[in-house]
Each structure stands twice: as structure tokens, then as C-alpha cells.
Amino acid sequence: MKKLFLLLFIIILSLSLFNGCSPASPPAPTPSESEGEGEEEPTGDRVVLVELFNTEGCAASKVINPIMEDLAQQYGTDKVILLEEAGWGKYTTSEVQERFDCYVPGSKHTPFIAFNGLSQTFSEGVSSGGGGSVPAPPANRAPTITSTAVTTTTLEVEYTYDVDATDPDGDILTYSLTTKPIDMTINSSSGLITWTPTAKGDFDVVIEVSDGSLTDTQSFTISVVDQPPVVTSTPITTATVGVEYSYDVDATDPDGDDLYYYLIVSPTGMAIDGEGSISWTPTAAHISDNAVVVEVSDLELSVTQSFTITIPGSLSGTVISDASGSAVEGSTVTVDGTTTTTDAQGRFGVASLSDGTYDIIVTQSGRATSKVQDVQIADGQTTIVSLVQKEVNVPEWETDPPTISVTGIAEGDELSGTVSGSVTVTDALDIKYIFIGACYIPTQLEYDFAYYGKSNITLPSLDTTLFPNGDSQITVVAYDMNYNRSQLTLNVTINNENSGDVPAMPTDLWPCSVTLGEGVGFFSTGRNELFDRIGIKENPDIINLPEGRSIDLNAVINVADPDSNLFVEIDWSDVGGATGYKIYRKFEGETVYRLIGSTQISEFCDADPQLSVGRKTYYQVSAFNAFGKSEKTPAEWTTPLPKFNLNLVSPTDGASGVSLTPALQWQPVEVVGKYQHYDWYIIGKNDSYYTGYGTVENETSIVYDDEPLQYLKVYEWNIDNAIAFDDDYGTFIEFRAISIAGEMTSLPNGTGSLNGAFEFTTQSESE
Amino acid sequence: MKTNKLIPLLLVLSLLISCLLVSFAAPRDTDYQATLKAKIDSELAKGAKIVITATRSSTSTSTTISGTVTNVSSSTLTDLVINGMTLKNRGEMGFNYSVLDVFNEDKISINSLAPDASLNYTFTLENINWVGNVIHGVIFVQAPNSTDKEVLQAIYVN
């Protein structure tokens, strides 16, 4: 009996020690799992498609991904194909999100793995999903501090920081301060830190959160600065063309510091002196609204005052170089025999016009002529127009714009149901294309609804029930071969006299500004020119070129126009029952949101040249259908990053005797954003595949240790992708702003560096 | 007498140690690996109802992937789609086979495919330097509206 007990003891203890760290063994697949729906006998070999959804930085992903990658290599691609799709984070694409939604709509967890769809799944923390088995989660995992520390505060003002932490096991957490300034306290249950600093300087803090056995810590330094200035004056918000405007900005500083005044945003010609006195004489170009942001600083802290100055007048306009181009300065604008000139912001205006309709004609040497027909001036209101004035295609060609006439729809019409009509465009020599659309917005429409090489077209049927009752616009734009342009906008009223449910307000509004470096051209004037020209080259019948005229097909533009390097991509969630969405925008310093466009899908691209680096820009969206518009979403914002350009440093171009393990080094012209992501590669001269490649973040050099380089061989190296990221939203992991130095995969001749790619020759064996 | 009491106590102690280790220790990588491997083997054991062929041709600016999808089972298969993805080997362990694009806009629907019937497909990818940027791809046939959204077959495109 004793021997039996001893034997049992040894067996159980052995099992405990050698197998005890594992969870309950995963159940073997059941027959139904193994045989699918149990239909006919299949033939042929199955290849297993493994889709691994994960999150950048997720601790569990870091465990699962290498295991899965190792398994995929073991099996080979004739048996297992592994695809890693980021559920959230910077590698996310809308297609991947759609695919993830297809598998696990609603609440998601990563890592989530689908083996041949949901026939088999593996999902930490998710017990559903097609009957796959779920391993037991690790016991007593450590807590994690999830909040970002508040690292600046003001002298004599109470500092608070509510520390947030999570525990995967749901354990009760206790907070404590292991390093702290005198008098700082933390609530051990809630994690709320409070402190009233009595001296300026830097103070180290270390927080510890514990679940009773495991802990996480967060270390940071709090900078205590003095109190900011306070602006006490109220701005003057009206002015008159030709009359000097003045406003004295009054401010005080609680600490008695000297104050300095700056204009952060201002119309052309405005100035501010050292005492905070603003002076400005508006011209006709300033008719309508002018945003102003004043900063008052004590050289340590600052405060801004934002306001809008309205200048009354009959007509205000902006001339831009392309649908995503820069402002055009120095163009002559002719209205009713009166001429004026566009300023540095492309603006112009006419102070006084009698009620009526007018043509606006914009000319400048080297540029095509741009015309807007039949602009309405009425009731003493300011009419606002935007014109596109492109550079001429060929300088020697004529610059007479086409003329547009429309039948079937007229200015002021009340429309209902389905409407049709016709458009005729006449031109001295040739027509390039005609655009037609409702709710015209240049940056959206110039690429759509094109009718190439026609001078007379029938309007597509316009289903007015898709639009909300009320005021709307129908716009026709025509170009000739030399990019001379005409635009005619008809203001109409939609009235379908029906009623129903207004769509719900959209959610998850996400504006993200995208700044393009000099080496990137996939969204720019250059890109669209390139596509136009390729289209002509590949299908010469699209446009019948007049005899003697040609387009230089070799003038392929690979880089962005230097001034058209910025756009904001705005996304939001779909709303059921909506037929479209309206997008509103205001810049920092403006008080009113303006409608900037409409779209039928839940995304919009704002490429207005008024966007600029460092200018905080706010957006709202409402959904609409024939029964009305929803409330606007709460505002979200983005602040565009500067251009992210970089140069290769070493090995230098043409270097010889380079080590077989060279240090690759590059240097950003300016480090922008909080995170910089670089993809590098080395490829042998005339080789088809990279010898080595990799990715680093926030580093500007690597020591090559990939596939061995060969002696005395010529190699090319470069940074093929480089992207800078700003903060994410906090509530969800999407970035507010990114800046792209290079993106080779999107551009045939793209490069991430300004001076790359570099070639070098490796050392000889005797070196 | 003393020894006889000690042995049951040791037995109880060993059982207690076992329970504690099972309850509180984290699973090891080999356990995850075994679980994942079992799922792969389970799928491999099902065999294939579909055979896919794929041919790629590329220039420096575009790539065409074409081929056939054949029903090699004895039953008619319905409500399928031919879809594909491109991926890039990022060269680092942990997020290596990173998906670049899913052909959601261009996926091809198959209402019905009789036994031994074949269907030709073509995907044209613009503005992609497949060779220069070492792109890889996969074409797969899926039943997206089935309960388990089963992927019936896949093929790797190098």
C-alpha cells in the first residue's frame, strides 16, 4: 500500500512539474469541425488560408504572431498561407476593416485568427465565432497603466491626473506614488493624483499600480510653469474696404511678465506692433470673412484670441490653380468692365455692384482663362465664388474660354422628381471635357462626371428625391484643350413635398490630414495630369486632337506640385437611410462652420488650398435624405504636419570598399510628428529581389545584418517608404495627422528620399 | 505508523501543487503552437472541393493575375466569390506578412459552379511594382454568406 501511495505521489508530482504550466489541453477537433458540413468526399489538396487580425503593440499579438509565422514557414505556402491584417492601428486599411467586420461584426478582440474563414477560429478573449476552441487565458496577468500622464502644470494652480489602468483578470487595483514631490497625493482606489505646486521647475513622479502581486509603473516629469497671460479686450469684427481698421489687443499677465504679441492667422496686409495694436486697410480682395488669430506670450506660456472680421461687399472670390492646387496671385479679374487683381491668397472682390447677373473673367499671362457665367448679385448680400485657373497646356494656343448654355433647368427653378435637360458648350476650336454635377464642389467634382471630347450632351437624369428639400445647386464646368475654363451654376430649389424619417447623426468622425513630401505624387495636380496624359496615350480616341496640336507625353510628372501637397481625409460611420452627407469646416480663428461639400459615401477628401501646415482645422458632418438633414456631429479636428522629407547619408552614392555589414544612415530634413516609420532595402545591381529589407521606427540608421552581401558587388539602397505620425485620437487608435516622405508601392518611380537611391560597391575579400 | 500517515499527506500535497500550477501558471508557447497546429491540420484533412490555378504577369506599373477555378467535387457549389489580397513581407518577426490590399472592389461572384465546371478569372492591379517591391499575393474562393464564411481553397501567388 505504501508503495502504491508513493508511486501515485511521484506520478502526480511529475505531471505537475513537467506539464503543469499548460492550460487544459485544447480539445481535439470534433468530427463536425474536421469535416465541414459532411458533404461528398472532396478531392484534391487543401491550402489553408490563415487570416490573423491583430493590433500593433498588443501584448497578446506579440506572443501569437511569431508562433503563427513560424508555423506558416514550417508548412510552406503550398499548405498554409498566412496573412496578417491589423485590426486597428497604423497598418489598418479600410479593406482590412471591412474584412474584419465580415468575420466578427461589433465588438472585436485581437489577436483573432480565422482558419479558412470561421470554420476554425482562435481568439483570445472571444468565445464565439464558429465553434472553435479557445485556450484558457493566462492567470493573474499584470495590470497595465493606460492613461497618458499630464506633464505640465501651472504654479499655484491645482494639478490633477486621473491614472487609468486595466487588469486583464479584473483584479482590484491599488495605486501608489513611489517617487513624488512634497504634498502630492494619490487616491489609492481611484488613482486620482492631486497637487498644488508652490515652486517652478521639473518634478519626477513614479506611479505604481498593483493587483496584489504584479505591478506596472509609469514614470514622468512634471514641468511647473508660471501662469499664462489673459486677454481682456473684445475684438472689433467689422471693417470697410479702403478704411483703416485698428484694434488694440489688451492683455495682462498674473505674474507680471512682459508680454509679446504675434499674428498667427491674418489676412494679407494686417500687422501688429509690440504693444498689441493691430492695423490693417482692407482691400476689395478682403470682402467677406477674414480669420484672425492673435497670440499673446510671456515667452513661456501663451494664449490666443480668435475672431473673424467681416467686410461687406457685392462679390468675393478665390482663384486657385487646380482642384487641389495653390492660390493664384496676380490674376486680373474683370467684372462688368471693372478690373481688380488677386492677392497672395488668391482672393479678389468687388465692393459695389447693382443687382443683376454678371460674368467673371480671370486672366493672367501663362495661365488659361477662367470664366464664371451668370453670377447672381442680389439683395445687398455678398456673393462668394471659387474659380479654378490652370496653367495653359501650350502657351502658344488661344486663351478664349468656352461658353455654356443649358436648357431644361433654369436659375431659380423649383425641381421635383426626375429632371432632365441638355447642355451645349461652344468654343472657338476645341472642347476637352465637360463636368456636370449637383452641389458642385471643385475638389470633388473636377475628377468625376467627365464627358470627354463632346460639345453637346444631354444631362443625366437627376433624381431630386435623393436631395433634401430646399436650396441646391447644379453646376456645369467645361474645359477646352488649352485648359480655358467656364463654369455655370444654377441655384434651384428642391421640393418633393414628402415626409419621412430624417437620418440619424453620423458617428465616429475621423479627420486625418495627410502631408505629402516632395517625392510623392499620387494625390496632386501632377498625379491627375499624369493620369490624363496616360489616358490620352493609351486611348487616343478619347480626345480628337486638332491638327498640329499635341501633348508632350514624355512630360510625366512624378512629384507633387510644391503647393498642392496637403489634403484631409475625413471618415465617419455609415448612417442607415441617408442618401448623402454634407461636410462642414472651420479653421482655428473662425466662428462659423461652412459647407465645403457633399458626398454619397461615408468619406470625403478636403484638398482646399486654404489648408496649411500647423493650422488647426475642425470638421462636422450631417447626414441627409429627401426628408431633411440630421444634426451635425460633434466637431473633430486635425492639424496638418509639415512636409516629411529625408536624404540618404551613408553609404554615399558611388561609395566603394563598403563593408559587407554596412551601416545605413539617413537624415530627415525636419523631424515631424511623434513617430517616424522607415522601410529600407538593399538590392543587388540587376537583381530582381531585395537582398535585404526591414522597418525601423524613430531611428535613422541601421547596421545591415540580413542576407549576406557579396564581395565586390554593386548594390542599391534606399528608404522606400517613410511616414511620420502624430498623436492618435485617444478614444480610438487612428492618427490625427500623417506626413509621407515616400511611398514606392503607390508610385512607379517613387522614392522615399530626396537624393536616393544610392549605389555602393562592397569591399574585396582581401580588404 | 508515522510513515503511514505521511504518505497520504504527501499525496494530498502533490495534488494541491498540481492544482495550483494548473490554475495559476500561464500557458506556454508550445501549447499555443499545438492548438494552432491542430486547427491547421484539421483544415488540411478536409481536402479540397475547389482547385485554383493562377498565373501572374507584371510590368513595373501593373500586374495581372489570371487563372481558373474548378469544382472538383461531385456536387454543385453555390454562392461563392473569388477574391484576393496582396501582402508584403516586412522582414521582421511579429507582423511579417502584412496585408497591403484586399480586392473587395473587384471580387468575382459565382452564383453556381457545377461539378467539373471551370471559371476563368482575371484581376488587374494598377500602380503596383510587384517585382521591384517584392509583393506577394493570394487568390482564394470563399462562401461569404455561409454560416462559417468558409474559405474553400486558396493559392499563393509569388
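The values are calculated or read from the model by the stated rules, or taken from the named source; none is laboratory data. Remember, predicted model here, so these are calculated numbers, not experimental data. So basically every Cβ, Gly included, is an ideal-geometry build from the backbone, and we count neighbours across all protein chains shown.
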Residue check for residue B:107: of a type in the set (D, E, K, R), under 18 Å from residue A:46 (Cβ atoms) and surrounded by 15 or more Cβ atoms within 10 Å (Cβ to Cβ): no
Residues being away from chain B (no Cβ under 14 Å) and surrounded by fewer than 18 Cβ atoms within 10 Å (Cβ to Cβ) - total across segment A:670-685: 4
Residue A:207, sole failed condition from (1) β-branched (Val, Ile, Thr); (2) at pLDDT 90 or above; (3) within 14 Å of residue A:157 (Cβ to Cβ); (4) touching a Leu at 6+ places or on another chain (Cβ under 7 Å): (3)
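Pull up segment A:735-767, narrow it to residues that are in a helix (DSSP H, G or I) and either farther than 30 Å from residue A:508 by Cα or of a type in the set (Val, Ile, Thr) (or both), then point me to the one that is modelled with the lowest pLDDT. Before the answer, list the steps.
Going residue by residue through segment A:735-767, those that are in a helix (DSSP H, G or I) are A:744-746.
Then keep just the ones that are either farther than 30 Å from residue A:508 by Cα or of a type in the set (Val, Ile, Thr) (or both); that gives A:744-745.
Values: A:744: 47, A:745: 42.
Filtering segment A:735-767 for residues that are in a helix (DSSP H, G or I) and either farther than 30 Å from residue A:508 by Cα or of a type in the set (Val, Ile, Thr) (or both), the one modelled with the lowest pLDDT comes out as A:745.
How many residues are in a strand (DSSP E or B) and more than 13 Å from chain B (Cβ to nearest Cβ) if we restrict to segment A:686-714? Steps first, answer last, please.
At the first step, the residues of segment A:686-714 found to be in a strand (DSSP E or B) are A:690-697, A:701-703, A:714.
From what's left, more than 13 Å from chain B (Cβ to nearest Cβ): A:701, A:703, A:714.
Residues in segment A:686-714 being in a strand (DSSP E or B) and more than 13 Å from chain B (Cβ to nearest Cβ): 3 in total.
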All positions within segment B:145-156 that are surrounded by fewer than 24 Cβ atoms within 10 Å (Cβ to Cβ) and more than 7 Å from chain A (Cβ to nearest Cβ): B:145, B:146, B:147
Failed criterion for residue A:300 (all others in (1) in contact with a strand residue (DSSP E or B) (Cβ under 6 Å, 6 or more places away or on another chain); (2) more than 30 Å from residue A:160 (Cα to Cα) hold): (2)
Selected residue (criterion: modelled with the highest pLDDT) from residues of segment A:138-158 that are within 14 Å of another protein chain (Cβ to nearest Cβ) and within 37 Å of the chain's Cα centre (by Cα): A:142
Strands (runs of 3 or more DSSP E) lying entirely in segment A:305-360 (those with 1 or more residues that are without any contact (Cβ under 8 Å) to a residue 60 or more places away in the chain): A:332-335, A:338-341
Qualifying residue in segment B:94-108 (condition: assigned to a strand (DSSP E or B), modelled with pLDDT of 85 or more, more than 11 Å from chain A (Cβ to nearest Cβ) and under 19 Å from residue B:139 (Cβ atoms)): yes
Meets criteria (at pLDDT below 90 and either outside any loop (DSSP other than H, G, I, E, B) or within 14 Å of another protein chain (Cβ to nearest Cβ) (or both)) for residue A:657: no
Every residue from segment B:122-143 that is surrounded by fewer than 22 Cβ atoms within 10 Å (Cβ to Cβ) and more than 7 Å from every other protein chain (Cβ to nearest Cβ): B:122, B:124, B:125, B:126, B:132, B:136, B:143
Cβ-Cβ under 9 Å pairs, at least 6 apart or on other chains, segment A:272-288 side more than 29 Å from residue A:386 (Cα to Cα), far side of a type in the set (S, T, N, Q): A:272/A:266; A:272/A:279; A:273/A:279; A:276/A:233; A:277/A:246
Checklist (1) among the acidic types (Asp, Glu); (2) in contact with a Lys or Arg (Cβ under 7 Å, 6 or more places away or on another chain); (3) farther than 30 Å from residue A:252 by Cβ applied to residue A:226, failing item: (3)
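Examine segment A:433-448 for a residue that is surrounded by fewer than 19 Cβ atoms within 10 Å (Cβ to Cβ) and modelled with pLDDT of 80 or more, and state whether such a residue exists.
Going residue by residue through segment A:433-448, those that are surrounded by fewer than 19 Cβ atoms within 10 Å (Cβ to Cβ) are A:439, A:447-448.
After this cut, where a residue has to be modelled with pLDDT of 80 or more as well, the list is none.
Scanning segment A:433-448, I find no residue that is surrounded by fewer than 19 Cβ atoms within 10 Å (Cβ to Cβ) and modelled with pLDDT of 80 or more, so the answer is no.
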Condition met for residue A:648 (within 25 Å of residue B:131 (Cβ to Cβ), hydrophobic (A, V, I, L, M, F, W, C) and at pLDDT below 95): yes
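Per-residue answers, yes or no, for (1) out of contact with any helix residue (DSSP H, G or I) (no Cβ under 7 Å at 6 or more places or on another chain); (2) part of a loop (DSSP other than H, G, I, E, B); (3) of a type in the set (Phe, Trp, Tyr):
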| position | (1), (2), (3) |
| --- | --- |
| A:570 | yes, no, no |
| A:573 | yes, yes, no |
| A:577 | yes, yes, no |
| A:604 | yes, no, yes |
| A:621 | yes, no, no |
| A:644 | yes, yes, yes |
| A:652 | yes, yes, no |
| A:661 | yes, yes, no |
| A:672 | yes, yes, no |
Qualifying residue in segment B:46-58 (condition: without any contact (Cβ under 8 Å) to a residue 40 or more places away in the chain, more than 10 Å from chain A (Cβ to nearest Cβ), more than 19 Å from residue A:68 (Cα to Cα) and not hydroxyl-bearing (Ser, Thr, Tyr)): no
Complete set of residues in segment A:106-134 that are surrounded by fewer than 21 Cβ atoms within 10 Å (Cβ to Cβ) and either modelled with pLDDT of 60 or more or closer than 22 Å to residue B:45 by Cα (or both): A:109, A:129, A:130, A:131, A:133, A:134
Subset tally (residues that are closer than 18 Å to residue A:330 by Cα and surrounded by fewer than 18 Cβ atoms within 10 Å (Cβ to Cβ)) for segment A:364-385: 3
